[in-house]
């Protein structure tokens, strides 16, 4: 099942994000078969202010476990984390439903 993991950084946490980025990327690499998309959300100045990951996992518990194990979450980078199930309707330029 596809889930969106939508994370918002705590205010003034850019240095924490930078200091943890390599561990975060190594963590994501462990899930490369399941990740459909991953990248930072950007503020009006183009600086990272959150994360968005679309991940295909068995169930909500797996998505929650993924989110909790992210090094960014482990160091308290996120102010909030929202996990929502998704249904794909359009992908790679084509309607898929």
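Key figures
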{"quantity": "Distance cut-off 14 Å, percentage of C-alpha pairs in the stretch 45-95 lying past it", "calculated": "61"}
{"quantity": "Two-decimal log10 I(q)/I(0) for the chain, as the Debye equation yields it once each C-alpha is a single scatterer, q = 0.10, 0.22 Å⁻¹", "calculated": "-0.27, -1.15"}
{"quantity": "Contour minus Cα-Cα distance for residue 58 and residue 25 (0.36 nm per residue)", "calculated": "9.7 nm"}
{"quantity": "Order of 31, 72 - criterion: other Cβ atoms within 10 Å of each residue's Cβ, fewest first", "calculated": "31, 72"}
{"quantity": "Computed [θ] at 222 nm, deg cm²/dmol, the chain (DSSP H ≥ 4; -39,500 (n - 2.57); rounded to nearest 500)", "calculated": "-9000 deg cm²/dmol"}
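Read-outs: derived from the displayed coordinates by stated rules, not from any lab. These figures come from a predicted structure and were not determined experimentally. Glycine also receives a Cβ, built like all others from the backbone with ideal geometry; neighbour counts cover every protein chain displayed.
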